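First up is the structure itself, then whatever we jot down about it.
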Amino acid sequence: MKKNIATKYYPPVLGGRTDERSKSKEYLHTLPCKEEVAESKRSGRLSLATRYSLLATIILSTLCINLNAQTIKELEAQKKKALDELAVTNRLLNETQKDKKGTENKLNLLKRSIKQSANYINALNKEIGMLDENISSLQASRLSHQERLDRLRNEYAQSTRAIYSHHKYFSPLLFIISADNFNQAVRRFRYLQQVASHRKYQAQEIAKITQQLKTEEELLTENRIQKETAVSAKELEQQRLEQQRRKRNDELASLKKKETSLKKKQKEQQKKADKLNQKIQDMIAAEIKRQKEEAAKLAKQQGKKDPYELSKEEKLVAGNFEANKGKLPRPVEKGFISGHFGVQPHPFLDKVQVNNKGTYFQIPAGADARAVFEGEVTQCFSVPGSNQSVIVKHGNYRTVYSNLVTLYVKVGDKISTKQKIGKVYTDTENDNKTELYFMLYKDTEIQNPENWLAN
């Protein structure tokens, strides 16, 4: 069995005072032995199982907080998008005629505003939920750290009092030099180093956990402020949503009274749209026919067999256009799709359908149409009741921009992506509605523009 290094006494001190042997014995047996130091270190660091359990808790809490932080950032982006869309819709609502009640434009804008408000409230609810999870995780982590800090401080205080009391009467140096031999002196020296090292470790742990608690407290405060802000924003938006719903119901009731006249108006609008669509179709077909005839004439003169093919530049443009399917910018900077491609049910008229050969974009008054891709302007024309239109060629693809009042381009112009083409018409007789009609063709085959534009 190993001999405890704290079983030897100091040599008697001459001088006729109190017997130092008894005091030495008391001192040596009150100093911790190696096993006690090791146990003290284990105690200070918690048992192995408890230590791993605490470590796992802290890691999971940290991961949870980090993941939630990432998710909150994503929710912030969703919230910002919803707010931006809501701002555009509200701007369009403000542009409508205040004294005019029961208009299709106002009803559609109110419906869109209600939907966007609901999306915004949904994003706020998710954000509040995530913040609650963050707060709970931080509180659990802080409680665990506080318990450990209290335990370490208590142990550190006890060891400080004990060492101060011992050092007041006895010298650690005498403890080393009173050893029986050199090896025992070395062991005693190392033992005292372990005691000092453990106290240093405790002090470092106390400082580290104190800093962690400070950081967690700051995060808690930040999360609570964010939650309060989100809750306030949610309450305000809910009030606004209820107001918008009441306005929508009033507009719908007014429109229902005019259902017969609105159905008649819808038929007239569809006839206008069909006329414009046919005009565009005929012009594109005539343009392609003319190009083929010119190519055939040139091929005959040069003795070529293949009478018509795209030039190298046109092939490059067409290839680039096709490669950007689903990535093209919208033909307007701000606004939303107010009429989707294809056969669609009317927003509120029963048993009425609209057949759109393109996509409608409603935008703020005074806004411009812009090119979705580089190309060449091949046609600028007008149709009575539909204002002006521009056709831009991109190889064997063409984009059409209709309902313009002021053109910024002319036939033959080479234009770049997002270049302004013209100002969109604002209909003062239709509640100041500003709407661009956008179409897309591949040769003479009409395409769904929404499949080509970026979301």
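The values are calculated or read from the model by the stated rules, or taken from the named source; none is laboratory data. Values in this document were obtained by computation on a predicted structure and should not be read as measured data. All Cβ positions, even for glycine, are placed from backbone atoms using ideal geometry, and neighbour counts span all protein chains on display.
Within segment 345-368, residues that are closer than 16 Å to LEU255 by Cβ reach partners that are in a loop (DSSP other than H, G, I, E, B) and among the hydrophobic types (A, V, I, L, M, F, W, C) with beta carbons closer than 6 Å, at six or more positions or on different chains, in the pairs HIS346/VAL352. Return a yes/no flag: does segment 166-176 have any residue that is touching a Lys or Arg at 6+ places or on another chain (Cβ under 7 Å), under 30 Å from SER136 (Cα atoms) and surrounded by 14 or more Cβ atoms within 10 Å (Cβ to Cβ). No: segment 166-176 contains no residue that is touching a Lys or Arg at 6+ places or on another chain (Cβ under 7 Å), under 30 Å from SER136 (Cα atoms) and surrounded by 14 or more Cβ atoms within 10 Å (Cβ to Cβ).
When the test is whether a residue is touching a strand residue (DSSP E or B) at 6+ places or on another chain (Cβ under 8 Å) and in a loop (DSSP other than H, G, I, E, B), GLY385 does not pass it. If you filter segment 267-287 down to residues that are surrounded by fewer than 16 Cβ atoms within 10 Å (Cβ to Cβ) and either more than 22 Å from GLN447 (Cβ to Cβ) or among the basic types (Lys, Arg) (or both), you find that the one that is modelled with the highest pLDDT is LYS275.
Any residue at all in segment 323-341 that is modelled with pLDDT of 85 or more, assigned to a helix (DSSP H, G or I) and more than 30 Å from LYS115 (Cα to Cα)? Looking through segment 323-341, at least one residue is modelled with pLDDT of 85 or more, assigned to a helix (DSSP H, G or I) and more than 30 Å from LYS115 (Cα to Cα).
If only residues of segment 359-382 that are of a type in the set (Val, Ile, Thr) and part of a loop (DSSP other than H, G, I, E, B) are counted, the one that is farthest from ALA273 (Cα to Cα) is VAL372. Taking first residues from segment 83-105 that are farther than 17 Å from SER338 by Cβ and modelled with pLDDT under 70 and partners that are of a type in the set (Lys, Arg) and assigned to a helix (DSSP H, G or I), the Cβ contacts under 9 Å between residues at least 6 apart in sequence or on separate chains come to GLN97/LYS106; LYS100/LYS106; GLY102/LYS256; GLY102/LYS257. Filtering segment 428-442 to residues that are among the acidic types (Asp, Glu) and modelled with pLDDT under 90 leaves GLU429, ASP431. Note on segment 369-383: among residues that are crowded, with 19+ Cβ neighbours inside 10 Å and under 34 Å from the mean Cα position of the chain (by Cα), the one that is farthest from GLU313 (Cα to Cα) is ALA369. Pairs are defined by a Cβ separation below 6 Å, a sequence spacing of at least 6 or placement on different chains, a first member in segment 208-236 that is not assigned by TED's automatic domain parsing to the domain that holds LEU75, and a second member that is modelled with pLDDT of 90 or more and surrounded by 18 or more Cβ atoms within 10 Å (Cβ to Cβ); no pair meets this definition.
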